[in-house]
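Read the structure below first, then the notes.
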């Protein structure tokens, strides 16, 4: 090998990388701690970027439809302030949707709890009557119950109390509670900082994009910079299409539930349908959250109708999961149905709900890039098509 300057630089970089890898393996705990600390520092900005990415879709739509450059032959006087107005309208729209949903669901949940409290008295009276009839007809069961309470009275409650006290004093209950409170405070802080960062990104996205391009082209070769920007554009288009497809799929599912529940004359049709539509924004599995709340609401009115609602949910969920979701969301991001299911499953097992939402567009990007690379390689090798079937 010719030991010119370029090759010497490659050898030096390889040596440095090998040394860093060996040190990292020997001090693996410190490396993990450092990665965790860096991840903790950048988390607010990651949250802000995610919020900006999501809100950018309706904001761009409002800019195009409400604030065009021209109204006929005249210039639009609001065009220069379109960004601020569109951002305000976007936040107002999100707050309005959340408020309407809260005003629909929370009062019904409160009424359901009140109804439960009212029916507990009737239910307890029925239980007492049932126990009395049971004692009259089956005296041997009463004898077993009396034996149980006799053994219950012989329990050393003082010793049990000391063990419970030692568990709370010497255990990690206090530390766990403090850790949970700290985690909640950190999450709220990250969300607030991320929201402010998202607003700044949305208001200054063209300026920040121009600055990023200047830095990229100044340090990276032009062809590689062009390829990187193409991937960024693909990522933007894919995420936007995914969000649009996910919202469309949620609306379709909510409408299906509303029509079906109205035809079957089930209670709370509008409330439950709206709740399922919102929770369906979580890919594939989100509607189960709305199903649980719906079963609880209907169960108070009629247990039989709650059972029919569960059957209806399972049927519509199969239709949605096998037909609507893969075609609506899968086609919007250019991802086949089988890969949509795989992306959701892997995302749920690694990062929970966030992973489920992020993995579909990420899989789509990887799938598109891999498909382009495979097609290019096959064309260069001139492989006949009949061999690929």
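The values are calculated or read from the model by the stated rules, or taken from the named source; none is laboratory data. Not measured: the values here are computed from a predicted model. In this analysis, Cβ positions are derived from the backbone assuming ideal geometry, glycine residues included, and neighbour counts consider all displayed protein chains.
Select, from 31, 47, 42, the only residue that is within 30 Å of residue 91 (Cβ to Cβ), touching a helix residue (DSSP H, G or I) at 6+ places or on another chain (Cβ under 7 Å) and in a helix (DSSP H, G or I). Before the answer, list the steps.
Working: 31 fails: within 30 Å of residue 91 (Cβ to Cβ); 42 fails: touching a helix residue (DSSP H, G or I) at 6+ places or on another chain (Cβ under 7 Å).
Residue meeting the stated conditions: 47.
Report, by residue number, each residue of segment 260-310 that is at positive phi and exposed (fewer than 15 other Cβ atoms within 10 Å of the Cβ). Working first, answer last.
So in segment 260-310, the residues at positive phi come out as 265, 268, 284.
Selection gives 265 alone.
Please specify each residue of segment 48-63 satisfying the condition of being farther than 19 Å from residue 238 by Cα and without any contact (Cβ under 8 Å) to a residue 24 or more places away in the chain.
Listed by number, the list holds a single entry, 63.
Filter segment 331-356 down to residues that are buried (at least 18 other Cβ atoms within 10 Å of the Cβ), part of a helix (DSSP H, G or I) and modelled with pLDDT under 65, then give me how many there are.
Result for segment 331-356: 1.
Counting only residues that are surrounded by fewer than 10 Cβ atoms within 10 Å (Cβ to Cβ) and at pLDDT 70 or above, how many does segment 4-25 have?
Keep residues of segment 4-25 that are surrounded by fewer than 10 Cβ atoms within 10 Å (Cβ to Cβ), which gives 4-6, 25.
Right, trim to at pLDDT 70 or above and you get 25.
Selection size over segment 4-25: 1.
Restricting to segment 67-100, name every residue that is loosely packed, with under 14 Cβ neighbours inside 10 Å, closer than 19 Å to residue 206 by Cβ and modelled with pLDDT of 80 or more.
Correct list: 84, 88.
Let me spell it out: the conditions are (1) more than 25 Å from residue 239 (Cα to Cα); (2) modelled with pLDDT of 70 or more; (3) surrounded by fewer than 18 Cβ atoms within 10 Å (Cβ to Cβ), and residue 387 meets all of them except one. Which number is the exception?
(2)
Please determine whether any residue of segment 308-324 is over 30 Å from residue 230 (Cα atoms), outside any helix (DSSP H, G or I) and at pLDDT below 80.
Taking every residue of segment 308-324 in turn, none turns out to be over 30 Å from residue 230 (Cα atoms), outside any helix (DSSP H, G or I) and at pLDDT below 80.
Residue-wise test of (1) over 28 Å from residue 46 (Cβ atoms); (2) touching a strand residue (DSSP E or B) at 6+ places or on another chain (Cβ under 7 Å); (3) at pLDDT 85 or above.
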| site | (1), (2), (3) |
| --- | --- |
| 161 | yes, no, no |
| 173 | yes, no, no |
| 181 | no, no, no |
| 200 | no, no, yes |
| 217 | no, no, yes |
| 237 | no, no, no |
| 243 | no, no, no |
| 248 | no, no, no |
| 254 | yes, no, yes |
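Quick one: which of 106, 84 is under 28 Å from residue 52 (Cβ atoms) and part of a helix (DSSP H, G or I)?
Numbers: 106 fails: under 28 Å from residue 52 (Cβ atoms).
Result of the check over 106, 84: 84.
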